[in-house]
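Comments concern the structure below.
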Amino acid sequence: MSARECTQCGACCVAPDIAALDKPLGLACPHLGPDARCLAYQSRPQVCRDYQADELCDRIAAPTLEARVAKYLAHFELQAEADAVARSGLTSRAAFFARKARLDTSR
Ligand code: SF4
């Protein structure tokens with residue numbers, strides 16, 4: 001896929017799992033604001049800086065963030081896995097603070 005202009009749709013901050021953020025599949029990154037914009041944009045991790053928009057961004061276009069995420073998960077056949085994550089009660093914020101605590105204690 002070739003690089004595209006970012007549509008700032010927010011789906012890549014919700015749908016994929018992001019190991020660098022301990023962000024589980026299908027759950028919103030704790031840094032994602034209500035307007036689907038990154039609240040930590042200046043200090044976002046390298047994985048977010050490196051992410052390149054591509055044709056998938058056009059393919060998952062939809063009027064709502066929820067619909068875009070659903071289309072992303074369907075594209076990669078990950079909806080069942082994302083549903084299991086949601087049922088587990090795991091949250092990105094919990095994962096985020098657990099990671100922060102691990103880092104704090106390792107210093
Ligand atoms: S840190 Fe910002 S850019 Fe990266 S996933 Fe979270 S909200 Fe998106």
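Taken together, the residues in the range 1-29 that are surrounded by fewer than 18 Cβ atoms within 10 Å (Cβ to Cβ) and either in contact (Cβ under 8 Å) with a residue 60 or more places away in the chain or among the basic types (Lys, Arg) (or both) amount to 1. Residue pairs whose Cβ atoms lie under 8 Å apart, sitting 6 or more positions apart in sequence or on different chains, and linking a residue in the range 87-107 that is within 14 Å of CYS29 (Cβ to Cβ) to a partner that is modelled with pLDDT of 80 or more and assigned to a helix (DSSP H, G or I), are SER92/LEU21; ALA95/LEU21; PHE96/LEU21; ARG99/LEU21.
For the range 1-77, list the helices (runs of 4 or more DSSP H) that sit wholly inside it and hold at least 3 residues that are within 16 Å of the ligand (Cβ to nearest atom) and within 14 Å of the chain's Cα centre (by Cα); which are they? Once the helices (runs of 4 or more DSSP H) in the range 1-77 are filtered for at least 3 residues that are within 16 Å of the ligand (Cβ to nearest atom) and within 14 Å of the chain's Cα centre (by Cα), what remains is 46-50, 65-75.
Considering SER92, SER106, the condition of being exposed (fewer than 13 other Cβ atoms within 10 Å of the Cβ) and of a type in the set (Ser, Thr, Tyr) is satisfied by SER106 alone.
When the range 18-48 is examined, which residues are found to be charged (D, E, K, R) and farther than 17 Å from PHE97 by Cβ? Those that are charged (D, E, K, R) and farther than 17 Å from PHE97 by Cβ: ASP35, ARG37, ARG44.
Among residues of the range 42-80 being hydrophobic (A, V, I, L, M, F, W, C) and touching a Gly at 6+ places or on another chain (Cβ under 8 Å), the one that is surrounded by the most Cβ atoms within 10 Å (Cβ to Cβ) is VAL69.
The values are calculated or read from the model by the stated rules, or taken from the named source; none is laboratory data. These figures come from a predicted structure and were not determined experimentally. Neighbour counts run over all protein chains shown; Cβ positions are idealised from the backbone, glycine included.
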